[in-house]
Ligand SMILES: [Zn+2]
């Protein structure tokens, strides 16, 4: 991998700005943070445009810095969706955050400067709260593929570009120009976790849905880890019926019982990730 090093001259400004953004995110001032992050992105994009022909090293650094602003912006959007009980949309934003981290990790000194290891662990832990365990993977016969930088086949000897790396401010990707879909299969570890099997739930009653753990997590403070513990609760018969409907639990046991014991998971706030 071609290592990119973020120049020390950027450090002071990045550290000051990330502190400010972390404060806004913890206070759940997502709109303010997103608006400020958009300004930072515009500045980075202008700097990339200005330097792409003359200074590739500088240009690539601005792309990486922008990956960090993108990570924070997607993290804010993730929390906004959580707040609206839009769990499917929040899952997609989590995946976007992982994409930003992959970009940041190209910088040899990015892990400390951009706290990328902490974010990575945090996001993996959040994923575990979701009920998505199976994914859909498509099977393709690729007939034509090109490199996004030189537009030649990536197998051509004249193409020296490596997928995922930065060239004058642009990520090299392989573009499928022609392919035949031969089928799809269910997998546990897909390359694209956005291809989930959708799970229906009642947005007005998230507590009793398959997204109950995610909903509980949405009540803690952003940028914090969580602790999850099983908790036995007694549900009134009416509450139990709602719970049973959402989770396909046997309704028979409710007969003649005013209260039904159920094991829930309680999600509470733990240490800060930053
Ligand atoms: Zn190429």
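Each value in this text was obtained by applying a stated rule to the coordinates, not by laboratory testing. Computed from a predicted structure; not experimentally measured. A quick note on method: Cβ atoms are made from the backbone with ideal geometry, for glycine too, and the neighbour counts reach across all protein chains shown.
Between helix 11-26 and the chain there is an angle of about 20 degrees, using the helix long axis and the longest principal axis of the Cα atoms. For the options 24, 61, 237, a Gaussian network treatment of the chain with springs between C-alpha atoms closer than 10 Å singles out 237 as fluctuating the most.
Evaluated at q = 0.14, 0.17, 0.19, 0.28 Å⁻¹, a Debye calculation over the C-alpha positions of region 30-77 (equal weights, vacuum) places log10 I(q)/I(0) at -0.34, -0.47, -0.56, -0.92. The value obtained for region 206-272, namely the Cα convex hull volume divided by the number of residues, is 72 Å³ per residue. Computed across region 108-249, the Kirkwood hydrodynamic radius from all distinct Cα-Cα pairs reaches 19.7 Å.
Panel values: region 1-88, Kirkwood radius from alpha carbon pairs, Stokes-Einstein at 20 °C and 1.002 mPa s, translational diffusion coefficient 152 µm²/s. Computed from Cα positions, the angle between helix 56-83 and the longest principal axis of the chain comes to roughly 10 degrees. Spatially, region 54-125 and region 181-234 are offset by 20 Å when compared through their Cα centroids. Where does helix 237-247 land angle-wise versus the long Cα axis of the chain, in degrees 0 to 90, nearest 10? Tilt relative to the chain: about 40 degrees. For the chain, the spread of Cα positions along the three principal axes, ordered from largest to smallest, is 78, 50, 25 Å. Packing here is the average count of other Cβ atoms within 10 Å per residue, and on that basis the peptides 27-35, 198-206, highest first, run 27-35, 198-206. For the chain, what is the relative contact order in percent, using Cα pairs closer than 8 Å and at least 6 residues apart in sequence? After rounding, I find 18 percent.
Based on Cα contacts under 8 Å between residues 6+ apart, region 135-187 shows a relative contact order of 52 percent. Among 210, 90, a tally of other beta-carbon atoms within 10 Å of each Cβ gives an order, fewest to most, of 210, 90. If you run the Gaussian network model on the chain, springs between alpha carbon atoms under 10 Å, then out of 124, 71, 94 the most flexible one is 124. Considering every alpha-carbon pair of region 135-187, the percent of pairs per 5 Å bin, from zero through the bin containing the longest distance, is 5, 19, 21, 18, 16, 13, 7, 1.
Using C-alpha pairs under 8 Å with a sequence gap of at least 6, the mean separation divided by the residue count of region 122-274 gives a relative contact order of 24 percent.
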